[in-house]
Amino acid sequence: MARVKWRPSVLDGVRIGVLAAGLLCVATGLLPAGEASDNVRRIGPLLLFLAAVIVLAELTKEANVFDVLAGRLAIIGRGNYAALFVLCTAFASFVTIFLNLDTTAVLLTPVMLALAPRARITPLPLAMTTIWLANTASLLLPVSNLTNLLAMGRVGLSTRDFAGRMWAPQVASIAVTMLLLWVFYWRRGERGEDRYVPPPPAAVGDPVLFGVAAGACLLFIAAILAGVQIGAAAAVAAVIVIAAFAWRDRSKLTWALFPWQLLVFVTGLFLVVPTLSRYGLGDLMRGLIGDGGDALGDYRAAAAGAGLSNVVNNLPAYAAGEAVVPAGDHRQLLSLLIGTNVGPVITPWASLATLLWFEWCRRRGVRVPILKFVLTGVCLAVTGLAATIGALLLTS
């Protein structure tokens, strides 16, 4: 891979700081070494998946797959905002479900924002569609969200069984998100125009790389649906695309592809959060979640997960909640999972995807009204959790 000059950002400093804090917890004995070792072993396969799927998604973007698809969606919409809305929400949901929410935030956000000036579309509706569905469409499959991978290991479900439990909450979550997106961001009074101008087709670039990248993504999706271990499926798909770029365009294979920042952050969280749980956070979550066993307990678990996610981030919130949910109460654990997936839409730091999304909006000069972001996020979190937990209860 080619050499790149690295300049640390503020977010990089935070991620390294979280890992340093976690290592300090282990070094000082605040977190026993044995427990720390167990936590790191637990997330090892997850880190492999994250690294592979991010590399796969980054190279897929470099092959212009996302750009071509987004442009084709706008062309298919033929200037009709309602049609474009349905197509964009479907596209964002698909990417989130099958390639995870961070892929949607990191890669689909710049594609959507680049589409806006080409079609003379107000960028904020497209941007909000991306970030809301990055969170709320991440319930269906284990690969959709890191929290899902953790929950699947706890409840012992296969990919198909997990999807079988979560399909109804996922449908409810997307439906509520679409309704509120239209009301708050896409209706005539918000978007400012009756119609948009369909852009010209995006260039494919290298057709070989385009075909290989698109095929590798389809192979990855087919593999996980067939029950192949997700880390292995992602790694194989990533290797295929890396080999294609090594043959056709080696300049794109830089060390910047490797998502070390995300791996450092996740590892640090799984050292810091267990430490906090030993010294008060666990008692707080136990008090908020309660004993469970009934519908009220499920709603409390979801609300606690959503609330803590918007205070500290959804990964620590899930880890803290999981530690106090009774081992046999799978429905309450899935309710907590829903809270930490659907609920982190209020504050800019509620999920890593949201942090990455805000950075992309800043780079592209897209103004995000913070007060509106927070207030509409509260509406989505409250109504989304009510609908998704209701769907979980009805189908359990």
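The values are calculated or read from the model by the stated rules, or taken from the named source; none is laboratory data. Quick caveat: nothing in here was measured; it's all calculated off a predicted structure. Glycine also receives a Cβ, built like all others from the backbone with ideal geometry; neighbour counts cover every protein chain displayed.
Here's the yes/no breakdown for (1) under 28 Å from LEU149 (Cα atoms); (2) of a type in the set (Gly, Ala, Ser); (3) in contact with a strand residue (DSSP E or B) (Cβ under 7 Å, 6 or more places away or on another chain); (4) surrounded by fewer than 18 Cβ atoms within 10 Å (Cβ to Cβ):
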{"residue": "GLY189", "(1), (2), (3), (4)": "no, yes, no, yes"}
{"residue": "PRO201", "(1), (2), (3), (4)": "no, no, no, yes"}
{"residue": "LEU209", "(1), (2), (3), (4)": "no, no, no, no"}
{"residue": "LEU218", "(1), (2), (3), (4)": "yes, no, no, yes"}
{"residue": "ILE230", "(1), (2), (3), (4)": "yes, no, no, no"}
{"residue": "ALA234", "(1), (2), (3), (4)": "yes, yes, no, no"}
{"residue": "TRP247", "(1), (2), (3), (4)": "no, no, no, yes"}
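Selection of the range 351-372 for residues being assigned to a helix (DSSP H, G or I), free of Cβ contacts under 8 Å to residues at least 24 places away in the same chain and not charged (D, E, K, R) yields PHE358, ILE370, LEU371. Of all residues in the range 241-250, those satisfying the criterion of being more than 24 Å from the chain's Cα centre (by Cα), under 15 Å from ASN64 (Cβ atoms) and in a helix (DSSP H, G or I) are ALA244, PHE245, ARG248. Per this entry, ALA36 is counted among residues that are touching a residue at least 24 places away in the same chain (Cβ under 8 Å) and part of a helix (DSSP H, G or I).
Considering the range 353-396, and only residues there that are at pLDDT 95 or above and small (Gly, Ala, Ser), the residue that is surrounded by the most Cβ atoms within 10 Å (Cβ to Cβ) turns out to be GLY384. For the range 8-28, the set of residues classified as modelled with pLDDT under 90 and not in a helix (DSSP H, G or I) consists of PRO8, SER9, listed by residue number. Does THR129 qualify as being within 22 Å of GLY215 (Cβ to Cβ), part of a helix (DSSP H, G or I) and among the β-branched types (Val, Ile, Thr)? The answer is no for THR129. Taking each residue of the range 143-169 that is more than 16 Å from ASP329 (Cα to Cα) and looking for partners that are of a type in the set (Phe, Trp, Tyr) and crowded, with 21+ Cβ neighbours inside 10 Å with beta-carbon atoms closer than 6 Å, six or more apart or interchain, yields THR147/TYR318. Against the numbered list (1) hydrophobic (A, V, I, L, M, F, W, C); (2) under 23 Å from ALA127 (Cβ atoms); (3) modelled with pLDDT under 90; (4) surrounded by fewer than 21 Cβ atoms within 10 Å (Cβ to Cβ), ALA105 comes up short only at (4).
The residue of the range 99-113 that is nearest to the chain's Cα centre (by Cα), among those that are among the hydrophobic types (A, V, I, L, M, F, W, C) and closer than 12 Å to ILE54 by Cα, is LEU101. The set of residues in the range 108-123 being part of a loop (DSSP other than H, G, I, E, B) and either surrounded by 22 or more Cβ atoms within 10 Å (Cβ to Cβ) or basic (Lys, Arg) (or both) consists of ARG120, ILE121.
Flag: ALA90 does not match the condition of being in contact (Cβ under 8 Å) with a residue 24 or more places away in the chain, surrounded by fewer than 24 Cβ atoms within 10 Å (Cβ to Cβ) and in a helix (DSSP H, G or I). Cβ separations smaller than 7 Å between residues 6+ apart or across chains give the following pairs from the range 56-69 residues that are within 10 Å of LEU108 (Cβ to Cβ) to residues that are in a helix (DSSP H, G or I) and among the aliphatic types (A, V, I, L, M): ALA57/LEU99; ALA57/LEU107; LYS61/LEU107; PHE66/LEU107; PHE66/LEU108; PHE66/VAL111. Checked against (1) without any contact (Cβ under 8 Å) to a residue 60 or more places away in the chain; (2) under 18 Å from VAL53 (Cβ atoms); (3) among the hydrophobic types (A, V, I, L, M, F, W, C), LEU284 passes all but condition (2).
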